[in-house]
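Only one structure is covered here, and it is reproduced in the block below.
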Amino acid sequence: MIKSVILKNWKSYEESTLYIDPLTIVIGMNSSGKSNAVDALIFLSRIAGGAGIFQAIAGDVSLSPLRGGIDWVCRKGTRCFTLDVLVEYKGTDYGYSITIEVGTARALVSEEKLFRSGSKQQRIFYTGLLDNELMNIPVYFSTGKQGKGQHFELNRNTSILFQGKSLALKRKESAEIINNVAEQMKGIFVLDPIPNHMRDYSTLAERLSSDGSNIAGVLAALDDDRRREIQEKLTAYLREIPEKDIEGVWTERIGKFNTDAMLYCKEVWYEGDDCVVDARGMSDGTLRFLAIMAAMLTSEADNLIVIEEVDNGMHPSRAKILVNMLKELGRERNTDVLVTTHNPALLDAAGTPMIPFITVAHRDEKGKSQLTLLEDIRDLPKMIAAGNIGELAANGRIEEALARKGKP
């Protein structure tokens, strides 16, 4: 599992660490850097999956550009950024680091390495001296023998991690580690459901789209037993969300060739009065909640799911239901979840046991973004004695405490 990501000269960050736990909550005011941290995870997922470095930032016909594109991917005044990732595999921590040099119309690897973390670091691969005039870079892969290794000249436009998966490496353990680290990063899934995109028919699909638009197609494509199991869980959780009772949520294949699908639910306001509604008649909050549950239930195990503004469109009284659902399904699916929120109700629903897993995105006195664990705020015990976490966030007390950091 991915344990942390260090952002260096990435967008508004000079250097800061994003810690990842089974459930991580990231809070912060507008323009504090929450979305910039999420963009780093999107970038890592793309390059681990084989996207070119430039395309992973600027976008292409199949990828939307990261916010700000190539012009804003490096901190102002710099031309390189570095992302350091700590990944656990079979009980051992591995460090992965990539440094990218950015120009007006290019973004290339200038340094990249993968190593076993600890007091005695064992390098899996590392890049050698770079000639900036060339498009290739020398890369050395360990064979487990002192002073020996395999040497390749690899393309700087694609991550070495991805290219390493297809090389004929002599050391099978290295190939296994490279493949696993790449798959964990590729498996990062960022969900930002857009209800209006979810209301139409969708074609059958294996993987949920980042906007949730193909939720009906993903569920309808499952085998019958798995689909029934997921639909029962969707119904069970959804019953607790709206005012009315929900008797069922399901998908049906439609069309002459049964290659499209629609999402339906059955609502009951009082005994004897029920109504079947398709996605066109469902509320924004209901559709967002269904997309979040579908992502949790259909994702592969050991992956990281990131949900932006997780409680957007949901009534504050339902925040606890949402938090419990994320915890329960995360444990069941062995999936880590990172969410961003502005909602004080969600923080109150999380409660004091979640304090070690709440990160605050904020700006320092020079305007650089920082990520600070809530539990590391010096005045936190005194602040909690005067109010709950949601109230502290709503009143700006957390940011005030961070501004006082290091001051008498």
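Quick note: the coordinates plus some simple rules give every number you see, no bench work behind them. Bear in mind the structure is a predicted one, so any value in this text is a computation, not a measurement. A quick note on method: Cβ atoms are made from the backbone with ideal geometry, for glycine too, and the neighbour counts reach across all protein chains shown.
A viscosity of 1.306 mPa s and a temperature of 10 °C, combined with the Kirkwood radius over C-alpha pairs in the Stokes-Einstein formula, give segment 197-299 a diffusion coefficient of 117 µm²/s.
Using only the Cα atoms of the chain, each taken as one equal point scatterer with no solvent, compute I(q) by the Debye sum, divide by I(0), and report log10 of the ratio at q = 0.07, 0.10, 0.13, 0.14 Å⁻¹. These q points yield log10 I(q)/I(0) values of -0.37, -0.75, -1.16, -1.28. Classify segment 225-349 from the C-alpha gyration tensor, please: rounded if a/c falls under 1.5, else prolate or oblate depending on whether a/b exceeds b/c. Oblate, because a/c is 1.5 or more while a/b does not exceed b/c.
Output the 0 to 90 degree angle, nearest 10, between the alpha-carbon long axis of helix 284-298 and the longest principal axis computed from the alpha carbons of the chain. Helix 284-298 sits roughly 50 degrees off the main axis of the chain.
Using the beta-carbon distance between S317 and D211 and R0 = 25 Å, what value does 1/(1 + (r/R0)^6) give for FRET efficiency, to the nearest 0.05?
Result of the calculation: an efficiency of 0.40.
Scaling the Cα radius of gyration of segment 326-408 by the globular reference 2.2 N^0.38 Å produces a ratio of 1.18.
Grab the Cα-Cα distance for S166 and R404, subtract it from 0.36 nm times how many residues apart they are, and report the gain in nm with one decimal.
Length difference between fully extended and current span is 80.6 nm.
Ellipticity at 222 nm from helices only: DSSP H runs of n ≥ 4 in the chain, each -39500 (n - 2.57), divided by the residue count, give -8500 deg cm²/dmol. Have a look at L23, L167, L83 and tell me which one the Gaussian network model of the chain (Cα, springs below 10 Å) gives the largest fluctuation. Greatest mean-square fluctuation among the candidates belongs to L167. 3J(HN,Hα) along segment 216-225: 5, x, 5, 5, 5, 7, 5, 5, 4, 5 Hz, from the Karplus curve 6.51 cos²θ - 1.76 cosθ + 1.60 with θ = phi - 60°, whole Hz, x for Gly and Pro.
Segment 218-235 and segment 34-54 have Cα centres separated by 30 Å. Modelled label positions at C80 and S4, each set 7 Å beyond Cα in the direction of Cβ, lie 2.2 nm from each other. Full extension of the chain between E332 and Y19 gives 110.5 nm of extra length, using 0.36 nm per residue less the Cα-Cα distance.
Springs join every pair of Cα atoms under 10 Å in this Gaussian network model of the chain, and among V26, V61, V38 the largest mean-square fluctuation is at V61.
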